[in-house]
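Peer 1: One structure is given below, represented as structure tokens, and several questions about it will come after.
The values are calculated or read from the model by the stated rules, or taken from the named source; none is laboratory data. Just so it is clear, the model here is predicted, and its values are computed rather than measured. We place every Cβ from the backbone using ideal geometry, glycine too, and count neighbours over all the protein chains shown. Heavy atoms of the whole protein, side chains included, go into the accessibility calculation; ligands, DNA and RNA do not. Shrake-Rupley method; radii C 1.70, N 1.55, O 1.52, S 1.80 Å.
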Amino acid sequence: MSLTSHGLTPRMRPLSSRKSATLSVLDIGTSKVVCLIAELQPAEANERLRGRTHVARIVGIGHQRSLGLKGGAIIDLESAERAIRAAVDAAERMAKVEVQSVIVNLTGGRLGSQHYAGSVELRGGSVGDADVKRVLAAAATHAIAPGKAVLHALPTGYALDGSPGVLDPRGLVGGALSVDMHVVASEAAAARNVMLAVERCDLEVEAVVATPYASGLSVLVDDEAEMGVVVVDMGGGTTSLGVFSGGHLTHTDAVAVGGNHITMDVARGLSTRVSAAERLKTLHGSAMASPSDERDIIAVPQVDDDERDMPNHLSKSHLVRIIRPRVEEILELVRDRLKAAGFSQETGRRVVLTGGACQLTGMPEVARRVLGGQIRTGRPLGIRGLPEAGKGPAFSAAVGLLVYPQVAHVEHFEPRASSAYFAHPTDGYFSRVGRWLKESF
């Protein structure tokens, strides 16, 4: 199916809270591709995860080493397609179903946030559905930069007569209603290439979700999202961050440095193969020194290692001295991005680390020193049927893609799948949304 007829990026149909559904999701990362097939059953109210309407039970899982990606973006379409096919095939065999469409994530492509506001005068005194739609249309008249794709458009708060903090304005009395809108956008080409790789596997893309949003939906309990928290997803090629406050995603950003960069540093620093460096990092690596490091000896295979060559034997302190500077650099980049976005002065800030690269020994301690605040490691919550290997931080984004359809209804988008979802210098995405809202209501 061609991209032009398919539309970019497509919007998810709202999931009925009373109906069961079978969903397939695809986490396309720099280091791995994961396909999950899950049955979603209507859920009883859960005090910790109040935002979720369904409980997901995994019936199929496919896990494949990623190919053709760098920094979260596709650089080799054929290799990426091969990895996606392998992951989907494995999940299909386990679930005994054929996957038709998937929800995918996007980490690369310079994820970023923009904020817009809209305001309307109230005609009837009290706020009705039509007034809410009018104010959303007013916020949606802004054009975004050319070459950008809009992934999410989230109302983050309403105000009545200038008084903010209104959760649901319907039925309230006032003279003017305003709304703040948070828009998550990426480079259009990055979104287009991810969708193209998926569609070459004869799959339809149901929605494209920003990775830090998916990870937050997966690892956060409602109280954290309400009080304010930063989710830092440490992937192989990219570290992305999402700021949640008042129960909403309020900011996203990403830096193109991740766990693979630590592995490459180890390979260069110890003159060994990349596969051996990854193994050494996983088994012996640490982001902070300990008194026993000088005594602990590790065997490092040589680059041209064959059966006759003896590996080098080095103290573990060598490995730690290579890993630590890169870990500090990644966390300092996150800190600087948060500071640039105006999130540096939050007292008692909570930070949740997730993603495969956060599992390095000593990571929470280094994060506490660099970022400050309360640090914890985030794992997927409220999911059934995950194998033991899938319960760790590396699977947070994939599980979050199963949660996304349960909250997708809060977004406001043009529903026609055939429309183009990219900004054009003369006709901004948001102006098209505004026009559609005006025409429809």
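Peer 1: Quick one: ranking Leu167, Leu67, Leu160, Leu331 by accessible area, 1.4 Å probe, largest first, what do you get?
Peer 2: Details: Leu167 145, Leu67 55, Leu160 20, Leu331 0 Å².
Reading off the accessible areas and sorting them downward yields Leu167, Leu67, Leu160, Leu331.
Peer 1: Now, a different point. Between Glu365 and Arg123, what is the spin-label point distance in nm, taking each point 7 Å from the Cα along the Cα→C-beta axis?
Peer 2: 6.5
Peer 1: Using r as the Cβ-Cβ distance of Arg48 and Thr22, and R0 as 25 Å, what FRET efficiency do you calculate, to the nearest 0.05?
Peer 2: 0.50
Peer 1: What ³J(HN,Hα) values, in whole Hz, does the Karplus curve 6.51 cos²θ - 1.76 cosθ + 1.60 give for region 157-162 when θ = phi - 60°, with x put for Gly and Pro?
Peer 2: Result, ordered by residue: x, 10, 9, 10, 6, x Hz.
Peer 1: As a test question: what accessible area, to the nearest 10 Å², does Leu217 have when a 1.4 Å probe is rolled over all protein chains in place?
Peer 2: Counting only protein heavy atoms, Leu217 exposes about 30 Å² to solvent.
Peer 1: Could you do me a favour and compute the accessible area per residue for region 61-107, 1.4 Å probe, result in Å²? Don't jump to the answer; show the numbers that get you there.
Peer 2: Working: 2370 Å² over 47 residues.
That works out to 50 Å² for each residue.
Peer 1: Which value, in nm² and rounded to one decimal, describes the direction-averaged projected area of the C-alpha convex hull of region 100-170?
Peer 2: Working: hull surface 28.6 nm².
For region 100-170, the mean projected area of the Cα convex hull comes to 7.2 nm².
Peer 1: Sticking with this one: Can you spot the aspartates and glutamates whose alpha carbon is less than 14 Å from Lys339's alpha carbon? Ignore those fewer than 8 places along the same chain.
Peer 2: Output for Lys339: Asp253.
Peer 1: Further, regarding this structure: Suppose the Debye formula is applied to equal point scatterers at every Cα of the chain; what is log10 I(q)/I(0) at q = 0.06, 0.07 Å⁻¹?
Peer 2: These q points yield log10 I(q)/I(0) values of -0.27, -0.36.
Peer 1: Can you list the residues of region 41-76 with backbone N under 15 Å from a point 7 Å past the Cα of Ala389, pointing along Cα to Cβ?
Peer 2: Backbone N within reach: 60-66.
Peer 1: Please report, to one decimal in angstroms, the Kirkwood hydrodynamic radius of region 168-241 built from all distinct Cα-Cα pairs. Before the final figure, lay out the partial values.
Peer 2: Details: mean 1/r = 0.0628 Å⁻¹.
This gives a value of 15.9 Å.
Peer 1: Can you tell me the convex hull volume per residue for region 24-176, based on C-alpha atoms, in Å³ to the nearest whole number? Kindly include the intermediate steps, with their values, before the conclusion.
Peer 2: On the way: hull volume 25.9 nm³, N = 153.
It is 170 Å³ per residue.
Peer 1: If you don't mind, there's one more thing I want to ask. Nearest 0.05, what FRET efficiency do Arg170 and Glu199 give at R0 = 41 Å with Cβ-Cβ as r?
Peer 2: Values: r = 39 Å, r/R0 = 0.96.
Working from the Cβ atoms, E equals 0.55.
Peer 1: Taking the convex hull of the alpha carbon atoms in region 21-110, what volume per residue do you get, in Å³? The partial results should precede the final answer.
Peer 2: On the way: hull volume 9.8 nm³, N = 90.
In region 21-110, the Cα convex hull volume per residue is 109 Å³.
Peer 1: Got a sec? What order do Val88, Val410 fall in by accessible area at 1.4 Å, biggest, i.e. largest, first?
Peer 2: On the way: Val88 10, Val410 60 Å².
From most exposed to least exposed: Val410, Val88.
Peer 1: I've got another one for you. Report Rg/Rh for region 252-310, rounded to two decimals, where Rg is the Cα radius of gyration and Rh the Kirkwood radius.
Peer 2: Ratio value, two decimals: 1.06.
Peer 1: Carbon-plus-sulfur fraction of the accessible area of the chain, 1.4 Å probe, in percent?
Peer 2: On the way: 9790 of 19490 Å².
Carbon and sulfur atoms account for 50 percent of the accessible area of the chain.
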